[in-house]
Amino acid sequence: MESSIEPNRRADRIILKNAMYYSDQHDFRLADIVISDNKIEKICLPNSIDGGNVMESTNLIILPGLINAHLHPSKELYGGLQAFSSISDVLDAVHRNNHLETEEIQGLSSLYSILNSLRQGITTLGIFTSRAEVDAEQAKKAGIRAVIHFSQNDQWLGKESKPSSSSLEDVIKRYSDCVHKYESDLIKVHPATASELSATPELMKELHKIAYQENKKFVMHVCEGKSQVEQCASHYGESGIQVLEKLNLLDSSTLLVHASALSDEDIGVLSGKKLNFIHCPVSNSFTGAGRFPFKALLHNQIGLGTDAAMVNPFHKLAFDAAFSLYFHGESNLDEKVNVIDLVDSITKTGASALGLDYVGSIQEGMFADICFFERGDVMVESQDPSLLFLDTILNHNPAHVMINGEFVVLNGKFLHCDFDLIKNHFLKNKKFER
Ligand SMILES: [Zn+2]
């Protein structure tokens, strides 16, 4: 049955009647769900509410909007160059093509990447970028919920070519300007630096202090493979984790991406702490950067990310989630990650890792970020509910996507933009040297 909600219309109050939804308790339940303004107001017994603006949902499976906690959307340009390669080779390809990357192309690439995420039911993105302004504009255009990890640096200890660098004062000024210009209900800007090689201890401490004061996260890539760990050790005499430990930065205001080449000593340091991580399994396998010890660090908030398209040719969050089931514990079942924890990592735990409250599950009082799949495509009764969740997002795109109580995709079509036009324009511009 088609929904009775008209496209382009934002109803103040919508009743999803007779809806099968994935609950906070990791099972499927039948209910009437009342969306009021931008929140899930009430979850009631099925068929218990009459009248009002009803969306008959008997034929739908309703999931919380998905969260891709880490990607570099403008790097979508480099997707599909190779099946795998070293980090240095990836960076070389980017540098070879750098002269072709205008701000306009970056914006287009970013917009395409964001819309392509939305189409798959992703309602929140953690966008890691040194050009926060460009990506914030595109996130705003697409109407997605986003935490922009504004990456700035004040040194470079690596052998690879140097990313841009500024003084501590300039870093803080540009960060505050960006916060004032772009923050809204949907967009937040958090302080970040590229990695343990890109910031002086002073800058790391300052960015962490800002994150703590503003109830945000200080974000950086860390221990991404052997070569990064070695370069850090040759400067500091210890790993990135140990540097952060000495600076007192390993706490709930810090969000670390990758952590895929940790020593036993690093894991020992982390076992007594509680912080936030983003696991990027396909990216880590692509670049041979090791494997994040998911099970050993499960006491932290762990989100999942696809990372840049250039290190993830399929660039599909659902594939990263499914891959995580088989990337871990290939010779020891004790290291296997529970499918419930994986679903949490792309929903509510991913949201917490990004520092977002009231996002990531279908519960009363949460923001109404929801994706709706056709139930006809999916069998419910006999499957493990969390496995069914993964199977659904891996094999289907949602029919409708709602963000902050508003439909962004309805019956497979974007309501506010022409996706095919943007896609064609993007593909025409994607002409890089392999
Ligand atoms: Zn990254």
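The values are calculated or read from the model by the stated rules, or taken from the named source; none is laboratory data. All of these numbers come straight from a predicted model, not from anything done at the bench. Because the Cβ atoms are built from the backbone with ideal geometry, glycine has one as well, and the counts that use them run over all protein chains shown.
List of remarks:
- Some residue of the range 316-335 being within 16 Å of the ligand (Cβ to nearest atom), in a loop (DSSP other than H, G, I, E, B) and surrounded by fewer than 16 Cβ atoms within 10 Å (Cβ to Cβ): no
- Looking only at residues of the range 12-54 that are surrounded by 18 or more Cβ atoms within 10 Å (Cβ to Cβ) and small (Gly, Ala, Ser), we find that the one that is nearest to the chain's Cα centre (by Cα) is 19.
- Meets criteria (within 16 Å of the ligand (Cβ to nearest atom) and surrounded by fewer than 19 Cβ atoms within 10 Å (Cβ to Cβ)) for residue 268: no
- Members of the range 271-290 that are out of contact with any strand residue (DSSP E or B) (no Cβ under 9 Å at 6 or more places or on another chain) and within 16 Å of the ligand (Cβ to nearest atom): 282, 285, 286, 287, 288
- Residues (touching a residue at least 60 places away in the same chain (Cβ under 8 Å) and not aliphatic (A, V, I, L, M)) located in the range 235-255: 235
- Qualifying positions in the range 291-307 - aliphatic (A, V, I, L, M) and within 14 Å of the ligand (Cβ to nearest atom): 304
- Breaking point among (1) charged (D, E, K, R); (2) in contact with a His (Cβ under 9 Å, 6 or more places away or on another chain); (3) modelled with pLDDT of 95 or more, for residue 119: (2)
- The range 119-135, subset surrounded by fewer than 24 Cβ atoms within 10 Å (Cβ to Cβ) and not hydroxyl-bearing (Ser, Thr, Tyr), residue farthest from the ligand (Cβ to nearest atom): 119
- The range 344-434 holds strands (runs of 3 or more DSSP E) entirely within its bounds, and those carrying 1 or more residues that are among the charged types (D, E, K, R) and either at pLDDT below 95 or crowded, with 16+ Cβ neighbours inside 10 Å (or both) map to 370-374, 406-410.
- Residue in the range 92-101 that is within 16 Å of the ligand (Cβ to nearest atom) and in the same structural domain as residue 146 (by TED's automatic domain parsing) present: yes
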